[in-house]
Amino acid sequence: MPTILDEYVAKHPGSAQRYTEALTLFPGGVTHDTRYAQPFPLYMTHGTGPRKWDVDGNEYIDYVSGHGALLLGHSHPAIVDAVTKQIVRGTHLGASTDEEIRWVKAIKALIPSVEKVRFHSSGTEATLMAMRLARAYTGKNKIIKMQDHFHGWHDYAMAGSDRPAPGVPEASWGTMIVVPSGDLNAVERALSNDSDVAALILEPTGAHYGQLPFDAPNFLKGLRDLTAQHGVVLIFDEVVTGFRASPGGAQVLYGIDPDLTTMAKIVAGGLPGGAVGGRADIIDMIAHRGDPDWDNTHRVYHPGTFNANPLSAVAGSTCLELIASQPINQHADAMAARLKSGLNEIFGKMEVAGHAHGIASMIHVVLADCDCGREICTMPHRQIQETTASSAVTGLKRGLQNNGVDIMGRDAFLVSATHTEGDIDQTLDAFESTLAAVREDGLL
Ligand SMILES: Cc1ncc(COP(=O)(O)O)c(C=O)c1O
């Protein structure tokens, strides 16, 4: 019997060959850390709706979903049409445009806490700017962040990360206070012990879009109260959860308004883009006032060649307007619910210790038992992390790829509005065969 690895190598000769060359061209042969895979990553050619194809002609049901950006699936006709029309009108007009006004209105229509917006080119830029705005607005230096929460790769965001951080100056750690995720008492202690706190930032469904969840409604409510009491800016990083946890993100789902929201991915309709939105008095720290004292001394500086570029603006507006007017989220959520219950049935039927949990269209798989309600997993975070690092999970990831399913990272299914019941059922068949292969390989 060939192993999962044997089958992976046999099915993907074109990817193997490209990776050999890529190793001489890119660090580690890849252009994004999560694409690093052994013995080689897969090379894709194109996608449509929920499916994509690799260079060897293999077809995949895609749950990477453009790292979460593609709530409308690959190459949605309305986005293709909008971008095609815009590209002949210009990709950068070096000026303000109607397209950016349409884009900000589409965001405001979905997220009531957003009064004003500044556009960026990525989520990393958005979280960097949110932290800077909070520091400038409050005149304070420190930012509270939750352990393991991901806010991109700039120096401040790397504090309390599960990744190494050579190249990040010690001094930048000094302005970050990392607390255990979901621990309201720890936040309260940090706020009481330090009067130099400008902001608190977090992923509002837990680290890695809910892979390591907390009791979201109560924790978020507690954070809202505590930050308001201490005059600290509350930042929800909704780069993944924005327009996905609900049309208005996690904040609308749970009914809690942050002061600032960071957005990327879905906000730009599958093109590069990011944004910081929120309270006008904070966002206006970037505003020119025509007063030299303010403009030259207090104002937060913000250039950026591709801020609000017209291509991302039309893709983002088209996407957000569809979310506002059609049952996009309902469909994606219903498909995710079907997937989640099917995965849990398979674990039970095959008597494999494992479960699927998650909310909306974000489903996470853990190869360990838990008696949680399958929405907010109650396993200790360290246990989830250790399980997700296991060789069984490596086998699961590769085996799913052998069986035509590509998941996000090592554990996540990001479901789109283009996945159908047929796609979900085919995914479940593939999952069952893969679990059997993982067991066959002696990894379970
Ligand atoms: C919650 C969160 N914040 C920020 C970022 C960084 O966004 P970008 O990759 O666009 O820089 C990500 C990226 O995945 C994210 O998941």
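For every residue, the table says whether it meets (1) exposed (fewer than 15 other Cβ atoms within 10 Å of the Cβ); (2) within 27 Å of ALA437 (Cα to Cα); (3) of a type in the set (Val, Ile, Thr).
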| residue | (1), (2), (3) |
| --- | --- |
| ILE4 | no, yes, yes |
| GLY14 | no, yes, no |
| GLU21 | yes, no, no |
| VAL30 | no, no, yes |
Of all residues in the range 119-149, count the ones that are hydrophobic (A, V, I, L, M, F, W, C), without any contact (Cβ under 8 Å) to a residue 60 or more places away in the chain and under 29 Å from GLY269 (Cα atoms). 1
Counting only residues that are within 16 Å of the ligand (Cβ to nearest atom) and farther than 17 Å from HIS154 by Cα, which one in the range 118-136 is surrounded by the fewest Cβ atoms within 10 Å (Cβ to Cβ)? ARG118
Condition met for GLY139 (modelled with pLDDT of 95 or more, more than 30 Å from THR318 (Cα to Cα) and more than 16 Å from the ligand (Cβ to nearest atom)): yes
Return the residue satisfying two criteria in turn: it lies in the range 198-222 and is away from the ligand (no atom under 16 Å from the Cβ) and closer than 29 Å to GLN383 by Cβ, and of such residues it is surrounded by the most Cβ atoms within 10 Å (Cβ to Cβ). PHE219
Please tell me if ALA95 is among the small types (Gly, Ala, Ser) and more than 16 Å from the ligand (Cβ to nearest atom). yes
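Okay, residues lined up against (1) surrounded by fewer than 21 Cβ atoms within 10 Å (Cβ to Cβ); (2) modelled with pLDDT under 95; (3) in contact with a strand residue (DSSP E or B) (Cβ under 6 Å, 6 or more places away or on another chain):
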position: THR241; (1), (2), (3): no, no, no
position: GLN251; (1), (2), (3): no, no, yes
position: TYR254; (1), (2), (3): yes, no, no
position: ASP259; (1), (2), (3): no, no, yes
position: VAL276; (1), (2), (3): no, no, yes
position: ASP281; (1), (2), (3): yes, no, no
position: TYR301; (1), (2), (3): yes, no, no
position: THR305; (1), (2), (3): yes, no, no
Scan the range 142-197 for residues that are within 14 Å of the ligand (Cβ to nearest atom) and either of a type in the set (Phe, Trp, Tyr) or not assigned by TED's automatic domain parsing to the domain that holds ASP237 (or both) and jot them down. PHE150, TRP153, TYR156
Filter result for ARG118 (outside the structural domain of ALA360 (by TED's automatic domain parsing) and in contact with a strand residue (DSSP E or B) (Cβ under 6 Å, 6 or more places away or on another chain)): yes
Can you say whether VAL300 is in a loop (DSSP other than H, G, I, E, B) and closer than 18 Å to SER121 by Cα, as far as the supplied structure shows? yes
For residues that are part of a helix (DSSP H, G or I) and at pLDDT 95 or above, scanning just the range 283-294, find the one that is surrounded by the most Cβ atoms within 10 Å (Cβ to Cβ). ILE283
I want to confirm something. Restricting to the range 223-264 and keeping residues that are closer than 20 Å to HIS331 by Cβ and small (Gly, Ala, Ser), which single residue is nearest to the ligand (Cβ to nearest atom)? GLY242
Looking for something in contact (Cβ under 8 Å) with a residue 40 or more places away in the chain, more than 24 Å from PHE413 (Cβ to Cβ) and within 14 Å of the ligand (Cβ to nearest atom) - is there at least one such residue anywhere in the range 281-300? no
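Residues checked against (1) among the basic types (Lys, Arg); (2) in a loop (DSSP other than H, G, I, E, B):
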{"site": "ALA186", "(1), (2)": "no, no"}
{"site": "ILE201", "(1), (2)": "no, no"}
{"site": "LYS221", "(1), (2)": "yes, no"}
{"site": "GLN229", "(1), (2)": "no, no"}
{"site": "LEU234", "(1), (2)": "no, no"}
{"site": "GLY242", "(1), (2)": "no, yes"}
{"site": "ASP257", "(1), (2)": "no, yes"}
{"site": "MET263", "(1), (2)": "no, no"}
ALA190 being aliphatic (A, V, I, L, M) and buried (at least 24 other Cβ atoms within 10 Å of the Cβ): no
Some residue of the range 319-335 being surrounded by 18 or more Cβ atoms within 10 Å (Cβ to Cβ), over 21 Å from the mean Cα position of the chain (by Cα) and small (Gly, Ala, Ser): no
Selection over the range 137-149 where residues are crowded, with 24+ Cβ neighbours inside 10 Å, under 17 Å from the mean Cα position of the chain (by Cα) and not basic (Lys, Arg) yields a count of 1
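The values are calculated or read from the model by the stated rules, or taken from the named source; none is laboratory data. Values in this document were obtained by computation on a predicted structure and should not be read as measured data. As a convention, Cβ positions derive from the backbone with ideal geometry for all residues, glycine included, and neighbour counts pool all protein chains shown.
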